[in-house]
Structure formats: structure tokens, C-alpha cells
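Structure first, then comments.
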């Protein structure tokens with residue numbers, strides 16, 4: 001995307017939920033307090049955590065009732081409601097081939113029906129870049145005048161299937177997730193859903209719904225270097241960031257929320273990208289030491305946290321970071337109050353070499369705040 005004089009896509013009405021927190025604001029406050037993610041989340045119980053989290057997140061992101069019939073929905077996820085798939089696998093229907101398993105598209109259609117959203121419905125599943133990819137997809141639909149409003153929901157639940165997969169990859173930390181730390185030894189998993197409302201900037205913003213920000217640029221790439229490992233030269237991520245910054249002054253990026261998984265190769269790749277892209281040293285932070293890696297939800301929930309960063313002018317510290325491996329970079333180790341943050345870059349990377357980046361800011365002609 002080439003930046004325009006004024007951004008054309010607004011993000012607002014942020015909702016987010018984890019097993020511990022029920023709003024984006026409470027999650028942001030907990031991040032500021034320095035809570036840490038447990039290395040291994042509890043196994044998902046019999047109650048349907050997927051329904052609980054997605055309901056809480058989407059409810060906070062809905063447009064006014066009169067707009068819902070034309071508003072679309074994009075679901076960003078890696079596995080969606082995996083519990084329903086596991087239940088199907090154990091059912092007599094599956095054993096006798098009498099029915100098909102639940103599909104990703106079934107999840108988005110069910111959510112749209114539940115909330116009365118009658119616009120376009122899509123699923124984005126680009127590994128751990130799904131959340132940002134979905135936001136970009138919704139923005140392009142708005143810019144092309146296909147639709148005026150879209151709800152984007154990112155959701156994943158770290159059940160047994162997902163936990164077993166990451167254990168097989170030997171990617172789970174034995175202690176604590178420590179993004180960019182010399183002693184990092186892997187990621188922690190988390191369950192979450194997050195949602196936001198994207199509208200054209202000339203569309204009236206729902207009042208009393210918290211912070212509002214603008215999408216000023218975006219980029220995507222695929223380096224296709226390895227099935228699970230990132231490109232060691234960071235070429236794909238750098239390309240996505242340059243696309244997102246097209247027409248913008250890179251020196252105007254005040255802070256970056258990195259993907260920050262706490263794994264050896266991802267963190268090294270992102271550090272290299274930051275050294276090569278920026279001549280100045282923006283604040284660098286990451287949320288997965290606190291949240292855990294929420295997979296398809298991570299891009300959306302971390303975008304919601306960026307909105308609160310811009311709203312409160314605060315940059316939270318990277319939970320778990322004690323001894324940065326790259327001390328020349330401006331990693332935030334102590335939360336910064338009254339920070340001059342007006343524009344944030346958010347990045348994400350996923351299996352298969354998928355990368356996404358978005359630039360978030362406050363419009364020059366509007367201020368962020370409660371109505």
C-alpha cells in the first residue's frame with residue numbers, strides 16, 4: 001500500500017479475551033504490570049472455551065445494529081474450533097464415514113449468523129501471521145469499496161493437539177518465554193480471541209467505544225525458505241516492512257511491536273530486520289512473554305494492544321527480557337510512561353516463511369480518546 005495524505009481505514013471497537021481477562025483494556029493493564037505467561041497452559045477443559053472467547057471478543061467489536069446486515073466478518077485462525085474436530089473424530093459418524101469433519105468455513109459462518117453479520121465472510125489461515133493478514137484483507141476490501149465495514153476476529157485455543165505439535169517441534173520453553181534474551185529457550189502457548197471493527201475513515205465512528213486508530217500502511221511477503229524456520233537473512237520480513245512503510249518516513253516509527261516468540265531463530269531474524277530497516281532506534285517491545293503465543297489471534301490482539309499504547313502514550317516492557325542478546329537495539333525493559341508514541345509498526349511471521357507488517361497511527365486531524 002502507498003500511504004495517502006490521510007489514512008482511509010480506521011480501526012476501533014477493540015475486543016479481546018483470554019481465560020484470565022475479558023477485555024483488551026484489562027489485557028493491556030496486565031501487560032503493563034509485568035505478568036508472565038506460564039510455559040504450558042492448562043489443557044482445555046470440556047467446556048467450550050472457543051465459544052466463550054470469540055463471543056466476548058466479537059461482542060465488543062460489533063457495529064451498531066442498523067449496520068450489521070452489511071458488515072462482513074473475517075476469521076483469522078490456525079486451527080479454529082479444534083475441540084469440535086476432536087469430538088467429530090471420536091464420534092460414530094466419523095468412524096463410519098457418515099459425515100464430514102467441521103471445516104474452517106463452518107466456524108466463520110456460525111459466528112456471522114450468531115451476531116447478525118450479513119456482509120462477506122472469509123477465513124484467513126496463514127499460520128501465525130493470520131491476524132495481520134486478515135486485517136490487511138479487510139482493509140483492502142474497504143479501500144476497493146467492496147464493503148464499508150468489516151469485523152476481524154482472530155482466535156485460537158491452545159488445546160492438546162496444538163500443544164503436542166509444538167512439543168514435537170521442541171519449541172516450548174522449559175522455564176519462561178524470554179523474547180530476545182540470551183537465555184531464551186522457546187515459546188509459551190496461550191489461548192485468546194480478539195476482534196476489531198474496520199471502517200472507511202469517513203464512516204461515523206461508534207461513540208463511547210474506546211480508542212480509535214488508523215491503518216497507514218501494510219505489506220505481506222513469503223520467503224518460503226523452510227517449512228517451520230524463518231529466513232535467517234530476514235529478507236521476507238524486511239520486504240513486508242518496506243511495503244508497509246512505502247510513502248511514509250521510516251524515521252516516523254516511534255515503536256515496534258515485534259512478533260517476539262522467544263525462539264532462537266525468530267528472534268534473531270527480527271533483530272536483524274530492525275538493524276537493517278531503521279537508521280534510528282525505535283522502541284522495541286513484544287507481548288508474547290506475557291500473553292503466550294496465541295497463534296492466529298496474536299496479530300489482532302497485539303494490534304488491540306497497539307491501540308492502547310497510542311491511546312495512553314505508554315510502551316510496556318518485554319516480559320521476561322533480562323539480558324538482551326542485541327544490546328544495540330532499543331528493547332524496552334522497563335515500561336515507559338508518557339512516551340512520545342504516535343506511530344507504531346506491528347509485525348508477524350509464520351510457518352512457511354509468511355510475513356506481514358502494518359503501520360498504525362493517529363490521524364493528524366483527530367485525537368485518540370473516549371467520546
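Values quoted throughout were computed directly from the atomic coordinates according to the rules given, and no laboratory measurement underlies them. Keep in mind it's a predicted model, so treat the numbers as computed, not measured. Here the Cβ is made from the backbone with ideal geometry for all residues, glycine too, and neighbour counts use every protein chain on show.
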query = Can you sort 318, 136 so the residue with the fewest Cβ neighbours within 10 Å comes first?
reply = 136, 318
key: Estimated FRET transfer efficiency when R0 is 30 angstrom, pair residue 121-residue 87 (beta carbons, to 0.05)   = 0.80
task = List 25, 328 from most exposed to least, where exposure is judged by having the fewest other Cβ atoms within 10 Å.
result = 328, 25
task = Pairs of Cα atoms under 8 Å, at least six residues apart: use those to get the relative contact order of the chain, whole percent.
result = 26 percent
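In deg cm²/dmol and to the nearest 500, what is the mean residue ellipticity at 222 nm of the chain if only DSSP H runs of at least 4 residues count, each as -39500 (n - 2.57), divided by the residue total?
Only helices count here, giving -9000 deg cm²/dmol.
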key: Ordering of 119-132, 76-89 by packing [mean C-beta count within 10 Å, highest first]   = 119-132, 76-89
query = If you project the alpha carbons of the chain onto their three principal axes, what span does each projection cover, largest first, in Å?
reply = 61, 49, 37
key: Fraction of beta bridges assigned by DSSP in the chain that are antiparallel (%, nearest 5)   = 65 percent
request  = State, to one decimal in nm, how far the label point of residue 144 lies from the label point of residue 36, with both points 7 Å from Cα in the Cβ direction.
outcome  = 4.6 nm
remark   = Going fewest to most other Cβ atoms within 10 Å around each Cβ, 156, 267, 106 line up as 106, 267, 156
key: Normalised per residue, the volume of the convex hull around the Cα set of segment 120-228 (Å³)   = 169 Å³
Most mobile of 21, 259, 311 in a GNM of the chain (Cα contacts under 10 Å) = 21
inquiry  = Quick check: pseudo-label points 7 Å beyond the Cα along Cα→Cβ at residue 29 and residue 224, how many nm apart are they?
reply    = 4.8 nm
key: Stretch gain in nm, segment residue 233-residue 200, where the contour uses 0.36 nm per residue and the Cα spacing is subtracted   = 8.2 nm
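Pulled fully out, how much extra length does the chain show between residue 183 and residue 168, if you take 0.36 nm times their separation in residues and subtract their Cα-Cα distance? If you can, show how the numbers build up before the last one.
Details: separation 15, 0.36 × 15 = 5.40 nm, distance 2.10 nm.
Once the chain is fully extended between residue 183 and residue 168, it gains 3.3 nm.
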request  = For residue 100 and residue 276, calculate 0.36 nm times their separation in residues minus their Cα-Cα distance, and state this gained length in nm to one decimal.
outcome  = 58.5 nm
